[in-house]
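Asker: Submitted below is the structure of interest, expressed as structure tokens.
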Amino acid sequence: MHAAVVRSFDRPPRYETVDPLEAGGEHELVVDVLAAGLHPRVRSSANGSHYTSGDELPLIPGIDGVGRTLEGDLLYFVLPDTTRGAMAEQTVVDRRRSVPLPADCDVVATAAAMNPAMSSWIALRTRIAIEPGQRVLVLGATGNAGRMAVEIARHLGAGHVIGAGRDAARLAALGDLGADVSISLAREDAYDALGQAAADVDVVIDYLWGTPAERAIRALVTRRHDRSRPLDWIQVGSVAGTEIMLPSAALRAANVRIMGSGQGSVATAEIVAQLPALAAEITAGTLTIDAAPVPLSQVETAWNAAAEPGQRIVFTP
């Protein structure tokens, strides 16, 4: 069979012929892969930079996708950390890490949306229990996952949603996705503006970390009207840096509860339990999805090609 194969962490995968797979475990089955998304998580695994990455090569990238069983059923599946990923004509999935999909679902849209949407869906349904009417700040709202976080926060009951990011055009479009306020982090007074607009939020979904998180925490804590009111800071991504300098006073001066949401901080079984409801929302058209299908045979050239803003590349074997 054919697959995308990574043989060096500093080069994109190539389309190669590999040995066919066989299911071995009690819960395993081989599926024909119909669509697999090229997510930031996939890129970081393929270049060895993800925190779960090992040094074993070669590897087939891809952490999730849509597949068809031998019986013709559609599944959305999440793979464990393995060298045999989803970007192949077939892969082995564990039924306990998959959910059924309706026969008429858009497989490309599902493969594009489940991973980025999962980040905020899981955060708001497992790390905290968002309450109707709460105020939510999405830090990094102009990325694919951040844009979906705006929609998901509103869908799950947020009463006021603030989106912050650097891309001016995408910030301008956040209102159509449910944001009440959009703040540019590229402006000189960005964090003063953020402090004024978001001082009393209840939840922050943070896709940035690094310097933006440092400055945002200080801005929010300084201007918070009731500092004893809980502020749940959910750390999801780190596109702006993997570390921050956090003054101890920021944690003593306000009721800030910093937590992560991701692989490890949420049990796999708990993640999988949330997937049917999310898949149903995607199938129902609740979320805005811009998927760009690309034949898997073009993986080497498409891997580092710039997608249109907001698009998610999906490889179709």
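The values are calculated or read from the model by the stated rules, or taken from the named source; none is laboratory data. What you see is a predicted model, and the numbers here were worked out from it, not measured in a lab. Because the Cβ atoms are built from the backbone with ideal geometry, glycine has one as well, and the counts that use them run over all protein chains shown. Ligands, DNA and RNA are stripped out before the accessible areas are found, and what is left, the full protein with its side chains, is counted by its heavy atoms. Shrake-Rupley method; radii C 1.70, N 1.55, O 1.52, S 1.80 Å.
Asker: Being closer than 16 Å to A164 by Cβ and open to solvent by 80 Å² or more (accessible area, probe 1.4 Å) is the filter here, so list the residues in segment 212-230 that pass it.
Answerer: R215, R218, R223 - these are the residues of segment 212-230 that are closer than 16 Å to A164 by Cβ and open to solvent by 80 Å² or more (accessible area, probe 1.4 Å).
Asker: Report the residue count in segment 200-234 for those that are in contact with a Gly (Cβ under 9 Å, 6 or more places away or on another chain) and either in a strand (DSSP E or B) or among the small types (G, A, S) (or both).
Answerer: Selection size over segment 200-234: 7.
Asker: Every residue in segment 200-220 that is within 12 Å of G140 (Cβ to Cβ) and in contact (Cβ under 8 Å) with a residue 40 or more places away in the chain, please.
Answerer: Hits for segment 200-220 are V204, I205, D206, Y207, L208, P212, A213, A216.
So that you can scan it fast, the table gives a plain yes or no per residue for (1) of a type in the set (F, W, Y); (2) free of Cβ contacts under 8 Å to residues at least 40 places away in the same chain; (3) on the phi < 0 side of the Ramachandran plot; (4) outside any loop (DSSP other than H, G, I, E, B):
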site	(1), (2), (3), (4)
L278	no, no, yes, yes
L287	no, no, yes, no
P293	no, no, yes, yes
E300	no, no, yes, yes
A305	no, yes, yes, no
E308	no, yes, yes, no
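Asker: Looking only at segment 42-82, how many residues end up being open to solvent by less than 70 Å² (accessible area, probe 1.4 Å) and assigned to a loop (DSSP other than H, G, I, E, B)?
Answerer: So the answer is 15.
Asker: Can you tell me which residues in segment 265-276 are open to solvent by 40 Å² or more (accessible area, probe 1.4 Å), out of contact with any strand residue (DSSP E or B) (no Cβ under 6 Å at 6 or more places or on another chain) and part of a helix (DSSP H, G or I)?
Answerer: Within segment 265-276, T268, A269, E270, A273 meet the criteria.
Asker: Among the numbered criteria (1) modelled with pLDDT under 95; (2) open to solvent by less than 20 Å² (accessible area, probe 1.4 Å); (3) of a type in the set (G, A, S); (4) under 17 Å from L139 (Cα atoms), which one does A279 miss?
Answerer: In the conditions (1) modelled with pLDDT under 95; (2) open to solvent by less than 20 Å² (accessible area, probe 1.4 Å); (3) of a type in the set (G, A, S); (4) under 17 Å from L139 (Cα atoms), A279 misses (4) alone.
Asker: Report every pair of residues separated by at least 6 positions or lying on different chains whose Cβ atoms are under 8 Å apart, first residue within segment 51-65 and at pLDDT below 95, second of a type in the set (F, W, Y) and in a loop (DSSP other than H, G, I, E, B).
Answerer: Taking only residues 6 or more apart or on different chains, the pairs are L57/F9.
Asker: Can you list the strands (runs of 3 or more DSSP E) found entirely within segment 83-199 that contain at least 1 residues being open to solvent by less than 20 Å² (accessible area, probe 1.4 Å), in contact (Cβ under 8 Å) with a residue 24 or more places away in the chain and of a type in the set (A, V, I, L, M)?
Answerer: Filter on segment 83-199 gives 90-94, 98-101, 135-139, 160-165.
Asker: Further, regarding this structure: Kindly provide the set of residues from segment 231-264 that are among the small types (G, A, S) and exposed (fewer than 15 other Cβ atoms within 10 Å of the Cβ), ordered by number.
Answerer: Within segment 231-264, G241, S248, A249, A253, G264 meet the criteria.
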